[in-house]
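The values are calculated or read from the model by the stated rules, or taken from the named source; none is laboratory data. All figures in this text were calculated on a predicted structure; none of them were measured in a lab. We place every Cβ from the backbone using ideal geometry, glycine too, and count neighbours over all the protein chains shown. Note: areas computed on protein heavy atoms with side chains; ligands, DNA, RNA excluded. Shrake-Rupley method; radii C 1.70, N 1.55, O 1.52, S 1.80 Å.
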Amino acid sequence: MAPLAPVAPVATADAGILVLKVGTSTIMTSDQRGQRVNVANLSRLVEVISDLGHKGYKVVLVSSGAVGMGCRELGLDQKPTEPKMKRAVAGVGQSRILRIYSELFETVGLRIAQLLVSQRDFVEQPRWAEIRHTIEACLQAGVVPVINENDTTNTDGMRFGDNDNLAALTAVQLEAQGVFLFTDVDYLYTANPNVDPSAEPMKVVSEAFELRVDTREPGSSLGTGGMSTKIAAARTAHCAGIPCGILHGKHPERIYSFLARLDEESTQCPKSSPSRGSSRPRAATSEDSLSEAESVEPQGTLFAAPEEGDVTDEDRWILSLPVVGHVSLQRVSGDLGHLRKAIGRAVADKLDSMKSLSGSGHHGGVRVYHKDTELARLRVIFDEEGTCSLPSGFEQSMVLTPAVECQC
């Protein structure tokens, strides 16, 4: 029997924003009786969200499942591969899943708001800010925003790809206290436990960008993500100083163990508050007085947040841009000023290889690596003809990852 989750810390009237993401593997189940909605999982999730609200947290729910639910409604065993049919199935499933959520949240006295977004909503900073303001207005009104990618109308290459990524970008956008990804396993393991019997669970990961694990797995037949997408999402959150948790969707109450751990670290290792008044804790170090033996153990995998620097609105927007290219930096040396210039030169040399995702002008993000470690994300601009260029003052249009500290 799994240990009981610790009681969540007593929160203040405004404890901050939590972003919770549920995938198809949590929402749907399949057995000899066929595909059906996992009402037990969803009911427990709704109860937890209601309880978090009473404790002062504002919760944003990022929900997958539109295509999976559409397949169930139409009696399909597998996701359709034809794009137009996949969009149609998503339309069927999205309306059904929102009805289920509405009825379940009504039982605990909560209302929901549906927000269907696309990657295109994030490529211009004013529109990105408008999306954030809409979500914040829902939260201020006591409404639970239920967010999903608009699979019915996204027809070009500008897509989030998976809702783990969307959840992380939403958390970054809102400066959330944490992002929690519900899945169908208890932990992130050192290897796929279904393949490697020596795989060990990882309970706390302090350096997301230094992580090297085997994430090969197929995922569910109706879902789009896997553990590799969750690690990528954790890294995005890591860049903004936001902790990320991976936990089993069958046991949403385990989120309390994460919150207790983070509250404990915050109490033992207080840090200065970021610009918008949150109290997000930094990752504990070996010098901290809180030992692992004394710590609350998260019932899942916690990607601890690094000590947060000055993360600006533009930084958060850059993290949200669609990826249009990857650049390798051969050498890393010198101080941060030299590194920024070297990154700019490396990207400038590869601009001709960057491919626009749309027929119109847009911003994009380039990821810069040294060997296998991501060092930075840099904004570039495409004009209407697809020509790529660096913005003026490009050295300030990049976000360095926490991995840079280990490289310089």
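Which of K84/K350; K58/K203; K79/K203; K203/K341; K350/K371 have a Cα-Cα distance over 27 Å? It would help to have the intermediate numbers written out before the result.
Numbers: K84/K350 34 Å; K58/K203 25 Å; K79/K203 33 Å; K203/K341 37 Å; K350/K371 17 Å.
Among K84/K350; K58/K203; K79/K203; K203/K341; K350/K371, the Cα-Cα distance tops 27 Å for K84/K350; K79/K203; K203/K341.
Quickly work out the T107-to-D310 label distance, labels modelled 7 Å from Cα along the C-beta direction, and quote it in nm with one decimal.
With each label point 7 Å from Cα toward Cβ, the separation is 5.0 nm.
By accessible area of protein heavy atoms, probe 1.4 Å, what ranking do V195, V368 get, highest first? Present the calculation step by step, with values, prior to reporting the outcome.
Working: V195 110, V368 0 Å².
Descending order: V195, V368.
Using a 1.4 Å probe and ignoring any ligands, DNA or RNA, find the accessible area of K203 and quote it in Å² to the nearest 10.
70 Å²
How do Y369, Y101 stack up against each other in accessible area, from largest to smallest, with a 1.4 angstrom probe?
On the way: Y369 55, Y101 0 Å².
Greatest to least solvent exposure: Y369, Y101.
Of S25, S392, S295, which has the most accessible area with a 1.4 Å probe, and how do the rest follow in descending order?
Highest to lowest solvent-accessible surface, that is S392, S25, S295.
What percentages make up the Cα-Cα pair-distance distribution of the range 314-408 when the bins are 10 Å wide from 0?
Calculated P(r), rounded to whole percents: 17, 53, 25, 4.
K79: accessible area at probe 1.4 Å, nearest 10 Å²?
So the heavy atoms of K79 present about 50 Å² to solvent.
Calculate the radius of gyration of the Cα atoms of the range 23-110 to one decimal place, then report Dmax, the largest Cα-Cα distance, as a whole number, both in Å.
14.3, 45
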